[in-house]
1. Shape verdict for the stretch 68-136, please, from the Cα gyration tensor: rounded (a/c under 1.5), prolate (a/b greater than b/c) or oblate.
2. Rounded to the nearest 10 degrees, what's the angle between the helix 371-383 long axis and the longest principal axis of the chain, both from Cα atoms, 0 to 90?
3. Using just the helices of the chain, give the 222 nm mean residue ellipticity in deg cm²/dmol: DSSP H runs with n ≥ 4 each add -39,500 (n - 2.57), and the total is spread over all residues, rounded to 500.
4. For helix 295-305, what angle does its Cα long axis make with the longest principal axis of the chain, in degrees from 0 to 90 and rounded to 10?
5. On a full-extension model of 0.36 nm per residue, what is the gain between residue 246 and residue 155, subtracting their alpha-carbon distance, rounded to one decimal in nm?
6. So I have (i) 235; (ii) 184; (iii) 199, and one of them is volume of the Cα convex hull per residue in Å³ calculated from this model. Which one is it?
7. Restricting to Cα pairs below 8 Å that are 6+ residues apart, what does the relative contact order work out to for the stretch 1-47? Please round to a whole percent.
8. Between residue 178 and residue 81, what FRET efficiency follows from the Cβ-Cβ distance if R0 is 41 Å, with the result rounded to 0.05?
């Protein structure tokens, strides 16, 4: 019999309980836990030693070898198609089989075939999907479970599809805005490296033949050229090594917290990241609440999908406060002020030499949640329309992210032109100054 790990709240004392329970299905496990007087906040089936439906390590019919998870674009399209089939009145098993046959070989097709097998064996849709975590995450499974419990699966699927489509649209806008500067910078670095490796050494030979004294500007250019010729392999290695260092720091909880705080408050891009996370978190929480997911479970899922440790801690504090009988708005405002973090201070000092530490000390106490969000959440709680207010918050931030992305893209163009013009101008002046001196001496 399957074993389920669960986290719950004791209805009598309000304490958090972590334990295990054996039950044939997830639904029966939840019923057993509720009968014990607990309110379930998290439930997860323990992995079995042998995968169900396999014998001797052989792959099930119709499955192909797949690595990694499911692309968000594929899952979004599948969800929209499933919602359309459910609106048309097709049985869920038939709908899943139709969509499974339409999929290309890969993780999603394998998962859908597994879901069909589980449903034929008597499981519900949410139970079947929860056994394929690489395709369907907690948010997805909980919304499906809420739809099944409320008898409105087609409505939940439509809402889930809209949520995923909006998230995809926002992600495409941000990525699209980053393509132009990334391409320009890459091409510029390539051209400058070519000049340093091939062009500048030729001029250096001319200067050495004449034995003239070089101006400081030209000497700096030649020194840079010599470094690039001798250590060109460090140019791609430096960003790669820096990324490894950041990953190593983020393996420690305090280090990851410091990096996430720096990203939220970083010059130029920090505001974009903060608004993007706030938009995604508000829409996630609003969608879960509108679908009938309990508030504590909705906050736990939102915390896991926020992608930033500052927001994870914030939602955890809000969840703890709700367990104590408080509303959402008060802890949301109280715990939105980041604490001081020495790792964040080091990153500020590294990226902004000279003024980084001063900038951090003046900015680190600014809250990550605006008063507008707190006030709208407060109104939503008072009126009983919290999900609607969260949707409005998400829509507002979506617009701000779009405007900010366009502004940054517009700002990048002149900055890149100035950078390229300055670099080329420096090279031209540094090379022609000694040539002019040589010509004058020869005259």
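1. Numbers: a/c = 1.63, a/b = 1.10, b/c = 1.49.
Cα axes put the stretch 68-136 in the oblate bin.
2. Between helix and principal axis, roughly 10 degrees.
3. Values: 19 runs with 309 residues, N = 443.
Per the formula, -23000 deg cm²/dmol.
4. With rounding to tens, the tilt is 30 degrees.
5. On the way: separation 91, 0.36 × 91 = 32.76 nm, distance 4.26 nm.
Extra length from residue 246 to residue 155 when fully extended: 28.5 nm.
6. This structure yields the entry labelled (iii).
7. Working: 84 pairs, mean separation 23.0, N = 47.
Across the stretch 1-47, relative contact order equals 49 percent.
8. On the way: r = 30 Å, r/R0 = 0.73.
With R0 = 41 Å, the Cβ-Cβ based efficiency is 0.85.
None of the figures in this text is laboratory data; all of them are computed from the coordinates on show. Bear in mind the structure is a predicted one, so any value in this text is a computation, not a measurement. We place every Cβ from the backbone using ideal geometry, glycine too, and count neighbours over all the protein chains shown.
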